[in-house]
Amino acid sequence: MITLSRFLYEPGEHEAEKASNSYLMSLVAVVAGLPLPIVNLFATIIFYLGNRKGTYFVRWHCTQALVSQISLLMVNSYGFWWTISILFGSETISNNYIAYILVALVFNLGEFIATIYTAIQTRKGLHVEWWFYGSLTDLLCKE
Amino acid sequence: MNKVAYQGLALVLLFALLLFASNQVDWMKLFKVAKATEKTEEKIGELIWENIQFSEVEIKLDSITNAVDSIVTRICRNNKIDRSELKLHVLHSPEINAFALPDGHIIVYSGLIEASENQEQLAGVLAHEIAHIQLNHIMKKLVKEVGLSVLVSMAAGSGGGEIITQSVQILSSTAFDRNLEEEADLKAVDYLAKANIDPEPFANFLYNLSLEEPEMMKYFSWISTHPDSEERAETIVTYSQNLKVKNRPVLSDEAWLALQEKVKEY
């Protein structure tokens, strides 16, 4: 699911730090805005906008950090509103609900681990490409 | 582009597959959700009933409670409903009202017994309330009006008396959703039919009360919390036409009259 490769060029120390920060940004925001699935996306968007004129390596990783959150945002939002309708609405806890929340948790945990790993590797100047999101970033982010 | 599409599709499939696999496990049983829900409902029912007991007078005269109980027992027995799960309480009040609380409590006001022209009408209202309990409408209504978080904290002991009073108010004097009412009506007709009780008097009861004078309406809580009674009476009549019910009264005529007499005298 994750491929470690060499980038087109050797990124400098400063670039590696910024690229790594884009992943850390989403992690910090996950912890800060845990109940609201949109907070981490906002934080990553802001970081992305701040670095969209950065070097290719920085832009590429900011983009991957951003797009990787979109699918999770959808999964989490659905779970979030489902939970709200159970707590304050007429929905009741069902097997479907528990099954969905558990799968959502597995996906979140997977992304969390992948994000930490990527943040560490990019800090070393290594290029980490995620399954699907890496290819999508290649399409979106041009040199 | 193709690579992205394939990988995206694979990711969606992985999610769907995991969801399908997760759905095969009975999490409700594993996490004992039903048991926890039952306990919460039991506690809430107890708290609300204690609140009602504090402000109302319960009739504990065996000759009254036994007669009403025998109607409930017939409905339960013929419909395979566990009678021990229902807790029947008759309260002394001129209000024509009956309502159900969480954990199977059924509250019947003496005014309702007096206002019923025959035992089948009373049986209809009781069957309707039993249907609300069996269809889990009571908790659904409370969760919708009060919210699950408040109910859970109330059951855990941190709920204020205000919330309990509010819950009593909601259950005794506000209407259910129209769909829930219709569902309970039709279920009640099924219960009555199986218990060999003619459902038509129940329809008549709804119809008659809807014709009452406006100044008398202050006593007719049951009808004010069950709107569109005329329309509902028609639905019940239409639905019960397909059922062939041989009416076998639970109480003898003398016993029914004696019940009404005792309620009046109380």
inquiry  = Let's test the formula: R0 of 60 Å, r as the Cβ-Cβ distance of A:Met1 and B:Glu230. What FRET efficiency results, to the nearest 0.05?
reply    = 0.40
message = Using only the alpha-carbon atoms of the protein assembly as shown as identical scatterers, what base-10 log of I(q)/I(0) does the Debye formula give at q = 0.09, 0.10, 0.13 Å⁻¹?
response = -0.69, -0.76, -1.02
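What's the FRET efficiency of A:His14 with B:Leu14 using the Cβ-Cβ distance as r and R₀ = 30 Å, to the nearest 0.05?
Efficiency, rounded to the nearest 0.05: 0.25.
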inquiry  = Between 0 and 90 degrees, rounded to the nearest ten: what's the tilt of helix B:33-55 against the longest Cα principal axis of chain B?
reply    = 30
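Rounded to the nearest 0.05, what FRET efficiency do B:Ala258 and B:Gln169 have when you use their Cβ-Cβ distance and R0 = 41 Å?
Working from the Cβ atoms, E equals 0.75.
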request  = Calculate the translational D of chain A in whole µm² s⁻¹ from Stokes-Einstein, where the hydrodynamic radius comes from the Kirkwood formula applied to all Cα pairs, the temperature is 37 °C and the viscosity 0.692 mPa s.
outcome  = 207
inquiry  = Running a GNM on chain A with Cα contacts under 10 Å, which residue among A:Leu87, A:Leu27, A:Leu49 ends up with the highest mean-square fluctuation?
reply    = A:Leu87
query = For the range B:98-161, what is the relative contact order in percent, using Cα pairs closer than 8 Å and at least 6 residues apart in sequence?
reply = 29
27 Å Cα-Cα reach of A:Lys142 towards lysines, excluding residues that sit fewer than 8 places from it in its own chain = A:Lys18, A:Lys53, A:Lys124, B:Lys3
query = If each of B:Leu243 and A:Thr92 carries a label point 7 Å out from its Cα toward its Cβ, how far apart are those two points in nm?
reply = 2.2
ask   = When chain B is treated as a GNM, springs tying every alpha-carbon pair under 10 Å, which of B:Val189, B:Val146, B:Val125 comes out with the largest mean-square fluctuation?
value = B:Val146
task = Quote the charge dipole size of the protein assembly as shown about the Cα centre in Debye, to the nearest 20; the model charges only the Cβ of Lys and Arg (+1) and of Asp and Glu (-1).
result = 2400
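Quickly rank B:237-246, B:63-72 as a protection proxy: mean count of other C-beta atoms within 10 Å, highest first.
B:63-72, B:237-246
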request  = Rank by packing, highest mean first: peptides B:37-46, B:13-22, B:102-111, B:89-98, with packing defined as the count of other Cβ atoms within 10 Å averaged across residues.
outcome  = B:102-111, B:89-98, B:37-46, B:13-22
task = May I ask you to list the lysines whose Cα is less than 26 Å away from that of B:Lys29, ignoring any residue fewer than eight positions away on the same chain?
result = B:Lys39, B:Lys43, B:Lys80, B:Lys140, B:Lys141, B:Lys144
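Rounded to the nearest 500, what is the 222 nm mean residue ellipticity of chain B from helices alone, with -39500 (n - 2.57) per DSSP H run of 4+ residues and division by all residues?
-21000 deg cm²/dmol
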ask   = For A:91-103, what's the mean count of beta carbons from other chains sitting within 10 Å of each residue's beta carbon?
value = 6
query = Around B:Ile59, which amide H atoms from residues at least 5 apart in sequence, or from another chain, sit under 5 Å from its own amide H, with H modelled in the peptide plane?
reply = B:Val90, B:Leu91, B:His92
remark   = Whole-Å distance linking the alpha carbon centroid of the range B:5-50 with that of the range B:136-210 is 25
query = Per residue of B:139-147, how many C-beta atoms from partner chains lie within 10 Å of its own C-beta, taken as a mean?
reply = 2
query = Which of A:His61, A:His127, A:His14 moves the most in a Gaussian network model of chain A with Cα springs under 10 Å?
reply = A:His14
query = Across the residues of B:33-40, average count of Cβ atoms on other protein chains within 10 Å?
reply = 1
note = One can check that the equivalent ellipsoid of the range B:32-265, built from the alpha-carbon gyration tensor with semi-axes equal to the square roots of five times its eigenvalues, has lengths in Å, largest first, of 27, 19, 18
ask   = For chain B, what is the charge dipole size about the Cα centre, in debye to the nearest 20, if Lys and Arg each add +1 at the Cβ and Asp and Glu each add -1 at the Cβ?
value = 1520
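Computed from the coordinates by the stated procedures, all read-outs in this text should not be read as laboratory data. Nothing here was measured: the structure is a model prediction, and the numbers come from that model. No Cβ is skipped: glycine too gets one built from the backbone with ideal geometry, and neighbour counts run over all protein chains shown.
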